[in-house]
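Structure in structure tokens, see below.
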């Protein structure tokens, strides 16, 4: 994989240039893209022109970045994973694209996504085993980073489409606090839930990228962040995890103990269970509203799975939607006390290994954190000994406490590395 922080430091030192890093990226794409299909659109000549004009002196230092194909780009097609928008050219870049390019990021291409970022699988293959899904609607971004196509890539999470594909593909990723990154110019599905997230090889790479792009103090390399207190939960209301995720979580707990970090089982507020179940009504109701034009005017071009979801959302009453929002608000308030005795919480990233390509996987361990708007990081570092497929663990924290979550996740990642 391409390590963003290491590449940026090499460019800053004069050992590499944005153009040479781009060529490394394009070489990897030439070798494996036909088998992985991480991109919805790629224009190497355009990227080469951009690379020649990036000084590589600050910010992202000219690193190539992939953007999920629901993020608007004026100079590249944005198809939203749907035949309805084949060849669509938005009038303007999404703010997140402008922000990346303003800080010397290089827009490499548009990464493959599911239809309208819902559940109809993308054409992308898991880089570790082509019989398995890369997971989630951010399929191309997770798979592309895992395959070494680019050091950083953006995805979005409405249910679990940042954390889950990161787990399935063995990369780090963060879903920041709700609205830490602007979602204007991103095709909406459920605006109360939709959140931009970033994929990278390691936690420090994700933190570096988010810091450069957002202008916030989020880097965790070289800092002293003390000894975080880890709480552990298995989110019992979300159902049982499979063997592989249980082993990954147990391995993480053991690694933390060996590294000297306090770990304690915690009880979750009762309001969390109600909020977990409320996610579906909010997701479906808002999804049906967001896609009302497509449903009304292009219904014949929607897949059966998306059409069924829209019709289910249209059947949800306003009273049920408002009740679900109230349950979410109650749980958000209850979440404040959760972090009185712990700094971060450790749990599953996904129910188990990546399933077959007919599915994008189950987001049941991600929905609550998304609904509450809390920052969450997938920490890679464990592989199933039978299949050699990766399984991550999830670290989440209090709203707005993104750097602490990144720091704790980086410490866990380092602890896991020592056990490898």
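Semi-axes, largest first, in whole Å: what does sqrt of 5 times each Cα gyration tensor eigenvalue give for the range 8-153? Intermediate values should be presented prior to the final figure.
Values: eigenvalues 125, 67, 27 Å².
Those come to 25, 18, 12 Å.
A further question on this structure: In the range 103-126, which residues have a backbone nitrogen under 18 Å from the label point lying 7 Å from residue 311's Cα in the Cα-to-Cβ direction?
119-120
Take peptides 378-388, 220-230 and line them up by average Cβ neighbours within 10 Å, highest first, as a rough protection proxy.
On the way: 378-388: 19.0, 220-230: 14.1.
Descending packing order for the listed peptides: 378-388, 220-230.
Can you compute the radius of gyration and Dmax for the range 151-240, using only the Cα atoms, both in Å?
Rg then Dmax for the range 151-240, in Å: 14.4, 40.
Calculate, in whole percent, how much of the Cα-Cα pair population of the range 338-420 lies beyond 15 Å. Mind dumping the intermediate values first?
Working: 2066 of 3403 pairs.
Beyond 15 Å sits 61 percent of the P(r) for the range 338-420.
Pop a pseudo-label 7 angstrom from the Cα along the beta-carbon direction at both residue 13 and residue 41 and give the gap in nm to one decimal.
Going by the 7 Å Cα→Cβ label model, 3.8 nm.
Follow-up question, since we're still on this one. Across the chain, how large is the tail of the calculated P(r) beyond 33 Å, expressed as a percent of all Cα pairs? Don't skip to the answer; put the middle values down first.
Details: 23658 of 87990 pairs.
Every Cα pair in the chain considered, those over 33 Å come to 27 percent.
Need one number: nm distance between label points at residue 246 and residue 30, each 7 Å from Cα along Cα→Cβ, rounded to one decimal.
My value for the distance between the label points is 4.8 nm.
Now, a different point. Specify, per residue and in Å³, the volume enclosed by the convex hull of the alpha carbon atoms belonging to the range 37-105. Could you put the intermediate results ahead of the total?
Numbers: hull volume 5.9 nm³, N = 69.
About 86 Å³ per residue, rounded to a whole number.
Test of understanding: ordering 161, 317, 324, 214 by Cβ neighbours within 10 Å, fewest first, what list do you get?
Details: 161 35, 317 10, 324 24, 214 18.
Going from sparsest to densest Cβ surroundings: 317, 214, 324, 161.
Separate question: Applying a 10 Å radius around every beta-carbon, put 263-270, 243-250, 123-130 in order of their mean neighbour count, most first.
On the way: 263-270: 13.6, 243-250: 19.5, 123-130: 21.1.
Answer by packing, highest mean first, reads 123-130, 243-250, 263-270.
Suppose we look only past 20 Å in the calculated P(r) of the range 265-322. What percent of the Cα-Cα pairs does that tail hold? Spell out each step's value before the answer.
Numbers: 608 of 1653 pairs.
Of the Cα pairs, 37 percent sit more than 20 Å apart.
Return P(r) of the range 104-189 (all Cα-Cα pairs; 5 Å bins starting at 0; whole %; ordered from short to long distances).
Reading the bins upward from 0: 3, 16, 27, 26, 19, 7, 2, 0.
Report the full-extension gain for the segment residue 254 to residue 329: residue separation times 0.36 nm, less the Cα-Cα distance, to one decimal in nm.
Working: separation 75, 0.36 × 75 = 27.00 nm, distance 3.45 nm.
The residue 254-residue 329 span can extend by a further 23.5 nm.
With Rg and the Kirkwood Rh both taken from Cα atoms, where does Rg over Rh land for the range 200-340?
Values: Rg = 20.6 Å, Rh = 19.2 Å.
When Rh is taken as the Kirkwood radius, the ratio is 1.07.
Every number in this text was worked out from the coordinates using simple rules, so none of it is lab data. Worth saying up front: this structure is predicted, and the values here are computed from it rather than measured. So basically every Cβ, Gly included, is an ideal-geometry build from the backbone, and we count neighbours across all protein chains shown.
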